[in-house]
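What follows draws every value from the coordinates through simple rules; no lab data is involved. These figures come from a predicted structure and were not determined experimentally. Note that each Cβ is placed from the backbone with ideal geometry, even for glycine, and that neighbours are counted across all protein chains shown.
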Amino acid sequence: MRQLRFASFQVKELETSKAFYVSKLGFEIEDSKNPEACLFKSNKGEAMFAIRKPLSNLDNKELGMGISLWFATDEKIEKLYAKLVEKEVVVLGGINETPFGKTIIVEDPDGYKLTFLESKN
């Protein structure tokens, strides 16, 4: 294997999650023809992933455990952090200094962790 081409994860409420990714995080809907899923893109398709209705029963299951998607951002992390807090997005901790650059971690309605990275120059 040499490259991860696509990521998709199951959500409990498709419409709730779709609204979160569009209105709170600013992703664009690439394709919503499938009533079971929604494909998102950012930066003209540079980042693409999907959410979908469950493939199996998720009752009493904790979603998002052990999964974190990382998105690079050209925006200053401090500005992104302020914007997300203003939109009442759950931000886990503050701005982190890592060997790769500055990060913030947010949590979606199903508990999935999304890391936004402002890379070191």
Using θ = phi - 60° and Karplus 6.51 cos²θ - 1.76 cosθ + 1.60, couplings along the range 78-85 (whole Hz; Gly, Pro as x): 5, 5, 4, 4, 4, 5, 5, 4
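To check you understand DSSP bridge types, tell me what percent of the beta bridges within the chain (both residues inside) are antiparallel, rounded to 5.
Of all bridge pairs located within the chain, approximately 70 percent are antiparallel.
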How many nm separate the modelled label positions at Ala50 and Val22, each set 7 Å beyond the Cα in the direction of the Cβ? 1.8
Taking 1 over the mean of 1/r across every pair of different Cα atoms in the range 17-121, what Kirkwood radius in Å do you get? 14.7
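Where nothing but the Cβ of Lys and Arg (+1) and of Asp and Glu (-1) is charged, how large is the charge dipole of the range 1-71 around its Cα centre, in debye to the nearest 20?
Values: 11 positive and 9 negative charges, 41 e Å.
Roughly 200 debye, rounded to the nearest 20.
Could you list Ser17, Ser119 in order of exposure, starting from the residue whose Cβ has the fewest other Cβ atoms within 10 Å?
On the way: Ser17 21, Ser119 13.
Starting with the residue having the fewest Cβ neighbours, the order is Ser119, Ser17.
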Zone reached by a paramagnetic label modelled 7 Å from Ser8 Cα along Cα→Cβ, restricted to the range 54-82 with backbone N below 11 Å, covers 54-55
Ranked highest first by the average count of other Cβ atoms within 10 Å around their residues, in what order do 59-66, 79-86, 102-109 fall? 102-109, 79-86, 59-66
